[in-house]
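Working notes, structure below.
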Amino acid sequence: MPTSASRLLLLLPTTTYRTEAFIEAATRLGVELVCASERPSTLESLTPDSLVTLDFGDPLGSAETIARFARSRPIDAVVGVDDLTTVAAAAISQRLGLKANALPAVRAARDKHAMRRRLAEADVPAPRFRLVELADDPAAPAGKVEYPCVLKPLMLSASRGVIRANDGREFVAAFRRIAAILTQPDAAPPVGARRALLVEEFVPGREVALEGLLVGGRLHALALFDKPDPLDGPFFEETIYVTPSRLPAATQERIAAVTRDACSALGLTEGPIHAELRVNERGPFVLEVAARSIGGLCARTLTFGTGLSLEELILCHALDRPLESLERERRAAGVMMIPIPRAGRLVAVRGVEEAEAVEAVEEVVITMHPGQEVIPLPEGWQYLGFIFARAEKPAAVEAALRKAHARLRFDIA
């Protein structure tokens with residue numbers, strides 16, 4: 001336990017799943033928290049020292065707001081918990097002179113086209129790509145690209161709006177579908193990200209996710225997750241993550257090396273990263289590198305050293321506290337993000353107790369509530385909930401997750 005409390009600014013969008021985990025981590029570490037959100041809290045006037053409202057879409061404005069705040073209540077570290085807050089966190093840290101990634105590096109990681117250009121310039125293996133203006137007639141680029149290809153927005157996350165096209169007809173349909181998604185109020189990317197989309201080569205192979213922590217420019221690979229379900233489209237809904245990976249050791253080392261090269265190409269040097277890669281006979285290809293940790297509730301699968309959570313690890317690094325161990329626990333662990341089977345209004349999720357009774361399953365968490373509108377990919381971005389499992393072997397974890405999911409029944413009106 002620290003001898004004196006540090007003050008840490010957490011950037012917590014109202015849509016994040018991560019609030020509880022980060023607040024619990026800060027409490028365990030004895031950290032004094034200031035929480036910032038994009039919407040005013042009814043308690044903000046009563047607790048002005050711990051609650052702040054920021055416009056995460058205006059990073060420089062957010063930085064000035066916190067600079068004023070910090071004159072009387074100094075901030076020791078800033079942590080953004082998801083994609084929406086990474087750029088604002090970097091801008092605030094830069095303004096306060098705190099350890100963090102450079103602002104241009106985080107901006108590049110947030111913008112898929114900027115990321116692709118930096119990776120290409122550094123010869124990091126990644127899909128071929130081109131930018132297509134949304135004002136264009138989609139029939140023109142449809143006749144010039146190689147198929148199959150993948151169309152995606154420049155800044156949305158959780159595979160929202162990511163669509164595979166196998167021919168010109170599918171390209172035009174996907175183009176128009178993504179354009180419609182970008183007009184939705186809850187999508188709301190910056191104006192520049194609404195003017196174009198990215199068209200990428202479809203890279204076949206197995207998909208993996210690497211969770212890492214950058215310390216002084218050095219990447220520490222915390223966990224490598226296999227995604228055992230094929231992600232071949234037309235949409236790319238992620239379901240099961242299992243760690244440790246069952247890929248050969250040499251392949252895992254190559255994945256880590258390529259991810260390090262990608263971080264270097266982007267200029268990322270500090271804090272958590274979450275990388276998505278495809279692996280085939282030609283080696284690993286970088287799909288994305290995000291300057292934040294794994295999304296949703298998936299971090300619950302990770303425990304380090306003598307029981308440290310991923311969130312505690314991230315806060316310790318941000319506050320320059322000693323990192324006793326970056327070794328993940330020995331047992332295999334996994335999570336299933338429960339997909340939305342169809343659009344409608346959720347009435348109930350049944351069979352949760354039966355699912356939790358499956359051997360190796362630790363918990364089933366339903367995060368959507370009865371009466372809530374549920375929207376599957378590619379228009380949607382949320383999951384019905386999460387299933388967590390832990391066992392001696394990765395295969396047992398995967399089997400438990402599938403068995404538990406089979407016991408759930410979804411009543412959607």
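Per-structure values
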| item | result |
| --- | --- |
| Criterion violated by I294 - all others in (1) farther than 30 Å from L29 by Cα; (2) in a loop (DSSP other than H, G, I, E, B) satisfied | (1) |
| The one condition in (1) touching an Asp or Glu at 6+ places or on another chain (Cβ under 9 Å); (2) part of a loop (DSSP other than H, G, I, E, B); (3) more than 24 Å from T14 (Cα to Cα) that V208 fails to fulfil | (2) |
| Count of the range 107-133 residues which are over 16 Å from K152 (Cα atoms), in a helix (DSSP H, G or I), touching a strand residue (DSSP E or B) at 6+ places or on another chain (Cβ under 9 Å) and in contact (Cβ under 8 Å) with a residue 24 or more places away in the chain | 1 |
| Positions within the range 135-168 being touching a residue at least 24 places away in the same chain (Cβ under 8 Å), over 29 Å from the mean Cα position of the chain (by Cα) and not in a loop (DSSP other than H, G, I, E, B), in sequence order | A139, P141, A142, G168 |
| G217 vs. criteria surrounded by fewer than 22 Cβ atoms within 10 Å (Cβ to Cβ) and out of contact with any helix residue (DSSP H, G or I) (no Cβ under 9 Å at 6 or more places or on another chain) | no |
| Options G385, G380; residue that is of a type in the set (G, A, S) and touching a residue at least 60 places away in the same chain (Cβ under 8 Å) | G380 |
| Test result for T53, of a type in the set (S, T, N, Q) and in contact (Cβ under 8 Å) with a residue 40 or more places away in the chain | no |
| Residue match in the range 185-195 (condition: buried (at least 22 other Cβ atoms within 10 Å of the Cβ) and within 21 Å of the chain's Cα centre (by Cα)) | no |
| Any hit, the range 343-359, residues being surrounded by fewer than 18 Cβ atoms within 10 Å (Cβ to Cβ), modelled with pLDDT of 95 or more and among the β-branched types (V, I, T) | yes |
| Residue tally, condition in a loop (DSSP other than H, G, I, E, B) and either polar (S, T, N, Q) or within 13 Å of V34 (Cβ to Cβ) (or both), over the range 47-96 | 10 |
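The values are calculated or read from the model by the stated rules, or taken from the named source; none is laboratory data. Since we're looking at a predicted model, the values are computed, not measured. All Cβ positions, even for glycine, are placed from backbone atoms using ideal geometry, and neighbour counts span all protein chains on display.
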